[in-house]
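Data block below; observations after.
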Amino acid sequence: MLQPSEAVQQAHRLYDVAGDRAEAVAAKNARQQRVAGHRDEADDWEAVRRIIRSWRGANQS
């Protein structure tokens with residue numbers, strides 16, 4: 001399981017590479033890991049997704 005600081009670093013790296021698609025990429029990776037039975041890795045990707053989501057802020061209506 002990633003430490004919080006490691007999750008933030010991973011989120012930064014993913015955002016640098018994927019830009020606005022980073023949250024979707026993290027969600028996809030989480031789903032793939034969960035389907036493969038890798039629960040800890042899926043949780044790590046979900047943490048990365050939540051961090052990226054927090055940077056984006058609330059949805060506008």
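The values are calculated or read from the model by the stated rules, or taken from the named source; none is laboratory data. Being a predicted model, the structure only gives us computed values, none of them experimental. A quick note on method: Cβ atoms are made from the backbone with ideal geometry, for glycine too, and the neighbour counts reach across all protein chains shown.
List of remarks:
- Qualifying positions in the range 9-29 - exposed (fewer than 15 other Cβ atoms within 10 Å of the Cβ) and aliphatic (A, V, I, L, M): 17, 18, 24
- Helices (runs of 4 or more DSSP H) completely within the chain that count 2 or more residues being touching a residue at least 40 places away in the same chain (Cβ under 8 Å) and out of contact with any Pro (no Cβ under 8 Å at 6 or more places or on another chain): 4-18, 39-56
- Residue in the range 15-34 that is over 15 Å from residue 1 (Cβ atoms), aromatic (Phe, Trp, Tyr) and modelled with pLDDT under 95 present: no
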